Each structure stands twice: as C-alpha cells, then as structure tokens.
Amino acid sequence: MKTVFLGRSKAAIVLPRSFFREWLIVFLYAGISVFTTVTMADPGREAAEGDDGLASTQYRSTDEFEVLLDGPALRDSNKRFGQALSGSVLPRPTIHLAAPEKAFVQDISIKVLRKAYDKLGYELVVHELPNLRSLMSANNGKYDGEVSRVANLSSIYPNLHPIPTAINVVNVVALAQKNSANIQRVENIRDNPLCVRGNVIVETLVSAHRIECIFVVNISQALAMVSRGRAKYTLLPETNAKISVLHSPVSNVRIVSPVLHSEPLYHYLHKKNLSLVEPLDKVLSEMRSSGIIDQIRSEYFDSIPSPDRMGSDD
C-alpha cells in the first residue's frame, strides 16, 4: 500500500491533473457503494435509530399510496405541473384518413366513421387532399386509409381494402336554368351536358349511356355556363349540387331531376390495418341495421337550407 501511495504521489507531481481525476473517481465510487448499501440492504426495516437524515425504505400499502396521490402536496403541484397522475387519462389511438377535398358527400361519410371509430375507442383525424393524391397517399401507406370511395378500387390500388358495409351513397342529379322542364331519366339528356373533370361516377354514367359530355374544371364553372345559357344541363353529385347552388353567385340554376344514378360508397383501410376490418365492419353493420347511418345522412341534408328560403325571415 505504501508503495502504491508513493507511486501515486510521484504521479501527482508529474501528471497532477490525471492523478486527481483518478482519485476523484475512487472517492465517488466509494460514496455510491456506501449509499447503496445503506438504502438497499434491508428494504423492510427502518433506517438506523437516531439517523433522521435517511428515510425508511419500507414498502407502503395501496391505501397509503392513494392518500399520497390525493394529498395536499400533490394537489398543490397541479398548479406547477398540470394534472395529477391519478386524474390523467391515457390518450386513445388515432386513425388518420385521407379524403378528397371539397367533396361534400364525404362530410356524411366522416360523420358515420367518427361515430364508428369512437365505438372502437379510436380518435379520427381526416386529411383533405386533391382527389388523386388522396388515393395515392392512402395506398402508399402515408395514411391509414381512405374515408369513402366507390367499389372495386382494389384492382387499381391493391393496398387499400374495403370494409364490406357501405357507409354512404353518392347520387347523380341534373341541373338546369329555373325555367327549364324537369327530366326523369338520364337518357333524356342529349344536349351535351357539362361534366366536371375527375368525377368518376358521372364520367362512368355518361359513358354507359353514350352521352357526349363537355368537361369543365370545377362546379363553379359548370354552374356559370348553365346560368349564361352556354349549356342546357350539368350533371353533378347531389350533395355537391345542393351546397354549390346554395353558395353560388348564380341565382337562376336549380336541380331539375330526381336521382338519375346511385353508387354506394365504402370505407377503405390500408393493408397495415387489416386487423380493424372485421370489428369495424361489425360496428358499421349494426349502425346500418339500426338506422343510424340513414339518420346521419338525413340530418345532414336537413341542415342544408333550401335555396327558396334564403333571405326569408321565417
């Protein structure tokens, strides 16, 4: 030991910084060892008598912990650190879905899905994107799925799997100037109606009936051209038609047909969420059987004011 000490002393003279670093490590290690021995040696007994500086490591009962959690010290800590642990609620898992922007029919689908996912204990977040980007992003797995689309998308987007129960329906109607006669069937339209580019349901409908359609960029352009007499009809999804007529600056365009064509809409999930398909379909099937889905749809349309009542004081 004497030899070691002399060696260390010589080292201190030659390399003082290295010497003191080594001894500091030794002292720190010794202190940690003593502290660990005192606190961990016998966790079921009180600390040494007369030593008020070391608290007991005796285990507490569940009742004692409840008292501590509800004690004044923890209640006062809420002011500094937020809610106490005993009152905290674990966040629910979140489902992120893509949806085409400015597609009002999706509002109904979102209301249905929000209720269904809530029953399964999930929060729903919807991200509106341009039509094609929405599908591609969902198919690539950037989102957990697509809010609602027509059937048979899996052949084009193989990573998206439909929930068997339809959650919504899209209806196609015709619009014309207010003084135009009503039409009852899509076959009655032979005057080159306007169609909005990218609306697959309308495009499929006119193609099936061999109707030559003039394509425009958006609904506002379609309504403006009909209002000015540059086209006699335009074909639109019913939900978009009702809301667009309500908010459009044109005032001489109305819906002039019953529903000319209908397509059910299905919710799609990315393949990474296949475990949700069966429980979600069960919830949606129950919602359809009980009339909840139809009720959500009816309430949505009832919330849209009639254009004839706009400006009325009633």
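Assorted remarks:
- Looking only at residues in the stretch 125-140 that are modelled with pLDDT of 95 or more and surrounded by 20 or more Cβ atoms within 10 Å (Cβ to Cβ), the one that is nearest to Ser155 (Cα to Cα) is Asn139.
- Of all residues making up the stretch 297-314, the number that are modelled with pLDDT of 65 or more, outside any loop (DSSP other than H, G, I, E, B) and either open to solvent by less than 100 Å² (accessible area, probe 1.4 Å) or basic (Lys, Arg) (or both): 4
- The criterion of being farther than 21 Å from Glu101 by Cα, exposed (fewer than 12 other Cβ atoms within 10 Å of the Cβ) and polar (S, T, N, Q) does not hold for Asn252.
- Residue pairs whose Cβ atoms lie under 7 Å apart, sitting 6 or more positions apart in sequence or on different chains, and linking a residue in the stretch 110-129 that is within 15 Å of Tyr143 (Cα to Cα) to a partner that is of a type outside the set (S, T, N, Q) and in a helix (DSSP H, G or I), are Leu124/Leu113; Leu124/Arg114; Leu124/Tyr117; Val126/Ile110.
- Check on Tyr266, open to solvent by less than 30 Å² (accessible area, probe 1.4 Å) and not aliphatic (A, V, I, L, M): no
- Count of the stretch 157-207 residues which are among the polar types (S, T, N, Q), surrounded by fewer than 16 Cβ atoms within 10 Å (Cβ to Cβ), part of a loop (DSSP other than H, G, I, E, B) and modelled with pLDDT under 90: 1
- Residue in the stretch 142-156 that is nearest to Pro100 (Cα to Cα), counting only those that are at pLDDT 95 or above and open to solvent by 20 Å² or more (accessible area, probe 1.4 Å): Tyr143
- Breaking point among (1) open to solvent by less than 60 Å² (accessible area, probe 1.4 Å); (2) under 27 Å from the mean Cα position of the chain (by Cα), for Lys242: (1)
- Residue match in the stretch 221-239 (condition: free of Cβ contacts under 8 Å to residues at least 24 places away in the same chain and of a type in the set (A, V, I, L, M, F, W, C)): no
- Flag for Leu265 being farther than 22 Å from Leu175 by Cβ, at pLDDT 95 or above and not charged (D, E, K, R): no
- Test: Leu113 is of a type in the set (A, V, I, L, M), assigned to a helix (DSSP H, G or I), over 18 Å from Arg288 (Cβ atoms) and open to solvent by less than 70 Å² (accessible area, probe 1.4 Å): no
- Filter result (open to solvent by 30 Å² or more (accessible area, probe 1.4 Å) and more than 35 Å from the chain's Cα centre (by Cα)) within the stretch 208-224: Ala208, His209, Arg210, Glu212, Ile214
The values are calculated or read from the model by the stated rules, or taken from the named source; none is laboratory data. Computed from a prediction, not measured in an experiment: that's the story for all the values here. All Cβ positions, even for glycine, are placed from backbone atoms using ideal geometry, and neighbour counts span all protein chains on display. Just the protein is used for accessible areas: all its heavy atoms, side chains included, with ligands, DNA and RNA removed. Shrake-Rupley method; radii C 1.70, N 1.55, O 1.52, S 1.80 Å.
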